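Here is the structure we will look at.
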Amino acid sequence: MRVVLMGPPGAGKGTQAERLVEKFGMTHLSSGDIFRAEKSSGSELGEKLAEIMARGELVPDDIVVEMMAKAITAVDGGLLLDGFPRTVAQAQSLDKTLDEAGSPLDAVVMITADDEAIVERITGRRSCPSTGKIYHVKYMAPKVEGICDETGEKLVQRDDDKEEVVRERLKNYKMQTEPVVAYYRDAGKVQVIEVNGMQTPDEVAAETVAALEAQGR
Ligand code: AP5
Ligand code: MG
């Protein structure tokens, strides 16, 4: 199964990706995670990406498309894309990459969430520095405050998780990424499944799994 997971910042894409991977065993590719890994490598490109992300702006399409096409073609089997595509140009490029590989998309899952919930979720997010496991200080708290349940490492906060940056990311999402949903709906080649992200993570997961299973039949 090849699925695109869409939704505003903080809608719960990463949280749901963990659950969907567990359920369906597909490979999870998050463009944001790929860019943050490039930043951690200390490369010149990573530095450039980090500056753009810290401002809450989108990375230019040519850079995104090249990095994502490379990552996608290396995957054999099921694929779960998170945070890509984020512009219509990226969606067109993804269609081309998948058509060439003879493996078109099976579904686009769009998780919705309210703006104020998004700000609260993102400013309270913490994650494990080595595995990326996602927590929230209130909604998905670790057993010991500030410590990853699985690795025992100190949890960290992302550089772009400040309120003013979140609002900029949200603005860019509405301007540049919402048209991607319309692109998929208009093209009519793939089913767009809308999931209410304003439920508990387990409820969101159950709704998503049920919709994907129904779609696969
Ligand atoms: P990216 O890393 O993709 O960030 P994003 O889209 O802003 O989304 P987030 O990762 O912040 O949120 P999420 O939906 O994954 O939510 P999560 O599950 O963590 O991109 C970062 C940057 O990289 C971009 O701003 C851009 O600069 C660049 N970039 C990336 N891709 C690009 C592209 N294709 N083109 C151009 N630039 C690109 O959940 C958030 C919090 O809420 C967590 O604390 C979680 O515990 C909690 N939570 C989750 N679900 C629930 C729930 N149901 N109830 C309560 N709390 C919940
Ligand atoms: Mg994420």
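The values are calculated or read from the model by the stated rules, or taken from the named source; none is laboratory data. Keep in mind that this is a model prediction, so the values were computed, not measured. Positions of Cβ are generated from backbone atoms using ideal geometry, with glycine treated the same way; all protein chains shown enter the neighbour counts.
Summary table
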{"read-out": "Residue under evaluation Gly124, criteria (1) surrounded by 15 or more Cβ atoms within 10 Å (Cβ to Cβ); (2) in contact (Cβ under 8 Å) with a residue 40 or more places away in the chain, criterion not met", "value": "(2)"}
{"read-out": "Breaking point among (1) among the aliphatic types (A, V, I, L, M); (2) touching a helix residue (DSSP H, G or I) at 6+ places or on another chain (Cβ under 7 Å); (3) under 21 Å from Thr15 (Cβ atoms), for Ala113", "value": "(2)"}
{"read-out": "Residues of region 55-90 satisfying the condition of being β-branched (Val, Ile, Thr), within 11 Å of ligand 1 (Cβ to nearest atom) and assigned to a loop (DSSP other than H, G, I, E, B)", "value": "Val59, Thr87"}
{"read-out": "Residue satisfying all of: in region 26-50; away from ligand 1 (no atom under 14 Å from the Cβ) and not in a helix (DSSP H, G or I); surrounded by the most Cβ atoms within 10 Å (Cβ to Cβ) among these", "value": "Met26"}
{"read-out": "Pick from region 80-101, criterion among the hydrophobic types (A, V, I, L, M, F, W, C) and away from ligand 2 (no atom under 16 Å from the Cβ), ranking: farthest from Leu5 (Cα to Cα)", "value": "Ala101"}
{"read-out": "In region 1-24, residue surrounded by the fewest Cβ atoms within 10 Å (Cβ to Cβ) [restricted to those that are part of a loop (DSSP other than H, G, I, E, B) and at pLDDT 95 or above]", "value": "Gly7"}
{"read-out": "Subset of region 30-74 [out of contact with any Ser or Thr (no Cβ under 9 Å at 6 or more places or on another chain) and within 14 Å of Pro85 (Cβ to Cβ)]", "value": "Ser30, Ser31, Gly32, Ile34, Pro60, Asp62, Ile63, Glu66"}
{"read-out": "Filtered residue count, region 24-72, keeping only those that are aromatic (Phe, Trp, Tyr) and within 15 Å of ligand 2 (Cβ to nearest atom)", "value": "1"}
{"read-out": "Cβ-Cβ under 7 Å pairs, at least 6 apart or on other chains, region 134-146 side aromatic (Phe, Trp, Tyr), far side away from ligand 2 (no atom under 16 Å from the Cβ)", "value": "Tyr135/Ala141; Tyr135/Pro142"}
{"read-out": "Residue in region 4-15 that is touching a helix residue (DSSP H, G or I) at 6+ places or on another chain (Cβ under 6 Å) and away from ligand 1 (no atom under 11 Å from the Cβ) present", "value": "no"}
{"read-out": "Filter result for the condition that a residue is modelled with pLDDT of 95 or more and touching a Phe, Trp or Tyr at 6+ places or on another chain (Cβ under 6 Å), over Leu49, Leu79", "value": "Leu49"}
